[in-house]
Amino acid sequence: METQQLAKVERLSPLRRWGRFVLVRLCVLLVGGTFIVSGFSKALDPQGMCLKLQAYAAAWGWHVSPDALPVRTATGLLAILEFLLGIYLLLGIRRYFATRFTLLLTLALTLLTTYIYIYSPVADCGCFGAILTLSNGQTLAKNVVLLLCSLYLCFRSRDIRRLISEKNQWGASIWSFLFVCGLTLWTYHYLPRADFAPFSVGTDLRKALETGQDEQVASFYALTAEGEDATLALATDTGRTFLLTLPDIPRADDGNNDRLNDLHDLCADRHWQFYALTAEGQDFSQWNDRTGATYPVLVADESQLRALARSNPGLVMLHDGKVVAKWSCNNLPETETDIAAAEKQQKEQTRWDAIKHLATLYLLPLIIWLLLDNLYVGSRFLKHWHIRRKIKLKIQTHKTTLNKQQSMRKKIVAGNWKMNKNLQEGVALAKELNEVLTADRPNCGVVICTPFIHLATVSGVIDHSVIGLGAENCANKASGAYTGEVSAEMVKSTGAEYVILGHSERRAYYGETPEILKEKVNLALENGLKVIFCIGEVLEEREAGKQNEVVKAQLEGSLFDLTAEQFANVVLAYEPVWAIGTGKTATADQAEEMHAFIRTTIAEKFGAEAAENTTILYGGSCKPSNARELFAKPDVDGGLIGGASLKAPDFKGIIDAWK
């Protein structure tokens, strides 16, 4: 499927490619942007989401407190997850993981909001906190659109543009995690930097009660213990009035009760009002017993107390009927100077100013990191560009010195029988090939690599001037007590000239490491064998864009200790592992691109002349139907053939591609 997708992209018209690019970018911006805003809003006001989870639980008959640790933890994790997924999508980080996880999350949210739309357990899902309120129908429509976009991105994850290199994406990931995690914890400890809930700083309680324009604020009430309405008295007081909100007395933090009592004494000295506001059904005597409080208590609605201050307890100051300052239980004011400073600061800094400050705090380090990453990538690109330019010039110079004659490197079609054919069947196939190729001599080198048991017998029935003989493996030991192993010397003694080493199946099934292969290569060369050395990447590595890195590491790990003279006896075979035995084939352009990279890598190590003379075979499901197109590429020097080498007509058809 991978190869088919890449081939389809190449066949698309420029207009359709541009349309696909635009559609992918729009989906990335829509899904990623939505997740960032959703995660940021939850981190900005996690207590608000805790209240929404409490509402969900109440609708299902469960009683949970928004102050409970599991509820707070779940809200924090959801904020972090949504924010990180959004950043991953926008920057192209971990594209495969990000798109799949986003699809799962949007699917879960769509199912949840479908339930909410049908049964209406809550009026608002709370996905954007208090920043933006959506109806249940609007929320469902939004999630359906996000689900469709996420599904499309799953199929087009490779088309998501990476804005940061894979090597440096960890920096953006860690900074994004630290930012959203730090913002969530900071807000839990203090109060939201930007308050979008009812009763935010600047709310005119008196005006709301008189006009009824703001329904949530206008519905506020405060009753005395005797049931008398004290709301109007609070709203019309022209001085300072302090309200200590206690929505849940058993869970309220009493660690700062001394500071509260001192503040109450300060209010008494300045003739300011000071009240405790608690929810209906709460036993205020518990608070008195724990703190020694002497201030009067009023009763209000719990949801309004939670909206007044996202803290338990929280402190709200009214001045002339307006909300002018708020504090959590962790940063209560101590002096009149603290009160005046907080009032001035919170009045001058609007909530949008706070959001701009937070955005700058996050984006500035991220942009600096992206710039440094681009400088790093650019410098590496220029370095490799200069190196490759020099190598290409050297190769071109070498070609010129050959008077533009055909390259000296040998064209080879090699057959790898693998574990197929018994002795009699193998000998019969070798004889058939020998007869066919003797009668119609090939225009390239032909090699058949057979199981060990065939070598000696097949060597006696083929014309070695027409067909070369090779083994499929050899031991990494010269001799000794290694039961079942076949040494390079034994292989050579059968009349074989070649040996296949490093095949992907040997690496995968038998754990052959670069160090083991290095030993095998050295022993094979010492015994006069030519090595067909296999290299290539698996599907996951190609999807991650690591194919060049993987192939280069395989070359360096097993061959780069050789001298140039030794390396001259090595034939390379590039085998995209995802195209072996699957019926998939890399396009001719993909094969040429990788072969050219391999030749450049060889030139960097052994020089341009060695690179020009190295035979590089393609080993990924080559067939008579595609051999001519593959072999037409300048850096493809033949093929290492698997299944098609087991039938003489198919193998002959591939060999004839050189004609």
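The values are calculated or read from the model by the stated rules, or taken from the named source; none is laboratory data. Here the structure is a predicted model, which means the values were calculated and not measured. When we count neighbours, we look across all protein chains shown, and the Cβ atoms used for this are built from the backbone with ideal geometry, even at glycine. Keep in mind that these areas ignore ligands, DNA and RNA; they rest on the heavy atoms of the full protein, side chains included. Shrake-Rupley method; radii C 1.70, N 1.55, O 1.52, S 1.80 Å.
Summary table
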quantity	calculated
Point-to-point label distance, ASP656-LEU77, nm (Cα→Cβ direction, 7 Å offset)	6.5 nm
Amide H within-cut-off set for GLU537, under 5 Å, with H built and near neighbours excluded	VAL577
Rounded to 10°, Cα long-axis angle of helix 46-59 versus longest principal axis of the chain	80 degrees
Length gained when the stretch THR483-ALA108 is fully extended (0.36 nm per residue, less Cα-Cα span)	129.3 nm
Long-range HN-HN contacts of ALA230 with modeled amide H, under 5 Å	ALA222, LEU223, THR224
Centre separation in Å (Cα based) which lies between region 592-632 and region 498-560	15 Å
Free-standing Cys residues across the chain, given no other cysteine C-beta under 4.7 angstrom	CYS50, CYS125, CYS127, CYS154, CYS181, CYS267, CYS329, CYS444, CYS449, CYS474, CYS534, CYS622
Relative contact order (%) - criterion: Cα under 8 Å, at least six apart; region: the chain	10 percent
With Cα atoms, 0 to 90° folded angle of helix 136-155 axis to the chain main axis	20 degrees
Net length gained if the chain between ASP283 and THR457 were fully extended (0.36 nm per residue, minus Cα distance)	52.8 nm
Relative contact order [Cα under 8 Å, 6+ residues apart], region 188-296, whole percent	21 percent
Segments 27-33, 349-355, 153-159 sorted - mean Cβ within 10 Å per residue, highest first	27-33, 153-159, 349-355
Note, ³J(HN,Hα) from phi for region 523-531, Karplus 6.51, -1.76, 1.60, rounded to Hz, x at Gly and Pro	5, 4, 5, 4, 9, x, 8, 8, 9
Largest-first ellipsoid semi-axes for region 49-184, taking √(5λ) over the Cα gyration tensor eigenvalues, angstrom	29, 20, 11
For region 262-353: rounded, prolate or oblate by the Cα gyration tensor [a/c cutoff 1.5]	oblate
Rounded FRET efficiency, nearest 0.05, which uses the C-beta distance separating ARG290 from ASP353 and R0 of 45 Å	0.75
Region 188-337 - Debye-derived log10 I(q)/I(0), Cα point model, q = 0.10 Å⁻¹	-0.30
Rounded if a/c under 1.5, otherwise prolate or oblate - the chain, Cα gyration tensor axes	prolate
Other-chain or far-sequence residues with amide H under 5 Å of ILE500's (modelled H)	ALA471, GLU472, ASN473, ILE532
Rounded if a/c under 1.5, otherwise prolate or oblate - region 234-308, Cα gyration tensor axes	oblate
Accessible-area value, GLU593, 1.4 Å probe, nucleic acids and ligands omitted, Å²	130 Å²
The chain: angle of helix 423-439 to the longest principal axis, Cα-based, in degrees nearest 10	70 degrees
Projected label distance in nm at THR513 and GLU497, using a 7 Å step from Cα toward the beta-carbon	3.5 nm
Set LYS431/LYS492; LYS167/LYS520; LYS167/LYS418; LYS411/LYS552; LYS605/LYS659; LYS410/LYS647 screened for pairs whose C-alpha atoms are more than 31 Å apart	LYS167/LYS520; LYS167/LYS418; LYS605/LYS659
Contour minus Cα-Cα distance for SER303 and TRP175 (0.36 nm per residue)	42.6 nm
Distance (nanometres) between label positions extended 7 Å along Cα→Cβ at LEU363 and THR231	4.1 nm
Accessible surface ranking that places the most exposed of ARG16, ARG94 first, with a 1.4 angstrom probe	ARG16, ARG94
